[in-house]
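Right, one structure below, let's go through it.
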Amino acid sequence: MAPSGVAPHRAESGVNETLMCALSVIVVLNHFANLVRVAKLDRISHFVMAYGGLRGAIAFSLAVVLDRQHFQSRQLFVTTTIVVVYFTNIVLVGSRGKRD
């Protein structure tokens, strides 16, 4: 069931496609990264990367599928979502520190 102001067929399609693409990219890239890394990425790191990536991807896909007729400032939602995702990723990565 789509939220009010979102085209129902677009909302579910966008979220499902985003989930499948993001998860498959994370799994494949982590597999290849572990082939050449000395310190392998463990499953917890995979989960953190998947969760962090999906959080931003889902927020962006939901902002994109907003119906222009109900939300005149749709572009503002999209731009704000991109800024928040970039900012939180930069801050979280910068504050993570070095692992032993």
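Every number in this text was worked out from the coordinates using simple rules, so none of it is lab data. No experiment lies behind these values; they were computed from the predicted model shown. Virtual Cβ from ideal backbone geometry, glycine too; neighbours counted across all protein chains shown.
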Open item on the list: On the Cα set of segment 8-95, report Rg and Dmax in Å, please.
Closed with: 15.6, 52
Task: Relative exposure of 55, 74, 43, 68, judged by other C-beta atoms within 10 Å (fewest first) - done: 43, 68, 55, 74
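Relative contact order of segment 8-95, please, whole-number percent, based on alpha carbon pairs below 8 angstrom and at least 6 residues apart.
Working: 44 pairs, mean separation 28.1, N = 88.
Relative contact order comes out at 32 percent.
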